[in-house]
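The values are calculated or read from the model by the stated rules, or taken from the named source; none is laboratory data. All values reported here derive from a predicted model rather than from experimental measurement. Just so you know, the surface numbers come from the protein's heavy atoms only, side chains and all, with ligands and any DNA or RNA stripped out. Shrake-Rupley method; radii C 1.70, N 1.55, O 1.52, S 1.80 Å.
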Amino acid sequence: MNDATILYYTANQPNRPFVDYVCEHLIQTAGDLTILSISQKPMQFGTNICVGDIGYSVYNVYKQVWIGARAATTDYVICCEDDTLYPSEHFVYRPPLGIFGYNVKRYWLEQNGLYWLSPRAVLGACIVERDLMVEVLSERFERYPDPLMDRRQTAGWREPGRQDAEMGWTPRSMTTFMTDAPVVSFNHRGSLGGRRRREATDTVVDALPMWGDGKALLNRLMGK
C-alpha cells in the first residue's frame, strides 16, 4: 500500500549519533512507502529537500512539514522525527477522511535506559491526508509568513485538531490510535522542547514489546 509519503524532518543538529540508527530503522519499517526528507543540510536519505540553515524552532518544524506535504504526491502524509523510532504497524494506520490521526502510544527513552509513557498527540506521530495538512499549514503561514519571535504566537502552533479555535485557527477534527508496539522517542537535552520531565504517576518500565531492554536499545542508538 503505497498511498502515503513519510515526511522525515530534521534540523541536522550536531552531536546526534542516534540519527543514523533512526534513519536505518525507518528504511526497514517503512516498507514500500516513499520517504521524503526535509532537512536543513543536504543528506542522502530518501528524496531530499534541503531548505537551508533556517534555524531550529517550532515555526521551522511546521515549515519543513509544510514544504514536504506540498511536495508529496500521495493521498496521505506521515510525520516522522529524527529522534524517534516507529514500529512498522504505525505506517499501516489511516485516519478517517478529514481527520488528523495521532498515535498516542509513545514512550520516552531516558538516558538511563528506562522508558516512560507519554500518551499525548504530537506532530511526530501524526498521519493525515496530504491535502488537509497542506490546507491547515497554509492557513498558518499565510497569517505568519515570517518566523515567529513572540512566545505567545509560537505556543499557538499546536498540533492540528488540538485547541484550534482557542488558538484562532479554523477548527479541525482529530482522533487518536494506539499500535501494539509503541513509538519510542529519545529524551535528550538537544530536542526542541528540551529534556522532558516525567511525573511520579507516569508508567515507567525497563523493557517494551518489539524494542526490548531500554539500556540495550540506548546502546544501539549511541552506536555502542
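Quick notes on this structure:
- Lysine pairs with alpha-carbon atoms under 30 Å apart, the chain, spacing 8 or more or separate chains: 6
- Taking every protein chain into account, the accessible area of the chain amounts to 47 square angstrom per residue (probe 1.4 Å).
- The helix-only estimate of mean residue ellipticity at 222 nm for the chain, built from DSSP H runs of length n ≥ 4 each weighted as -39500 (n - 2.57), is -7000 deg cm²/dmol after division by the residue total.
- Beta bridges by DSSP in the chain, antiparallel share as percent, to the nearest 5: 35 percent
- Once C-alpha pairs closer than 8 Å and six or more residues apart are averaged by separation and normalised to the residue number of the chain, the relative contact order reads 24 percent.
- The heavy atoms of SER88 offer some 70 square angstrom of accessible surface to a 1.4 angstrom probe.
- Heavy-atom accessible surface of the chain: percent carbon and sulfur, 1.4 Å: 49 percent
- Each Cα pair under 8 Å and six or more residues apart adds its sequence gap; the mean of these over the residue count of the range 58-164 is a relative contact order of 35 percent.
- Seen against the Cα atoms of the chain and their longest principal axis, helix 130-143 is set at about 60 degrees.
- Look at the Cα gyration tensor of the range 7-149: its axes a ≥ b ≥ c give a/c under 1.5, and that counts as rounded.
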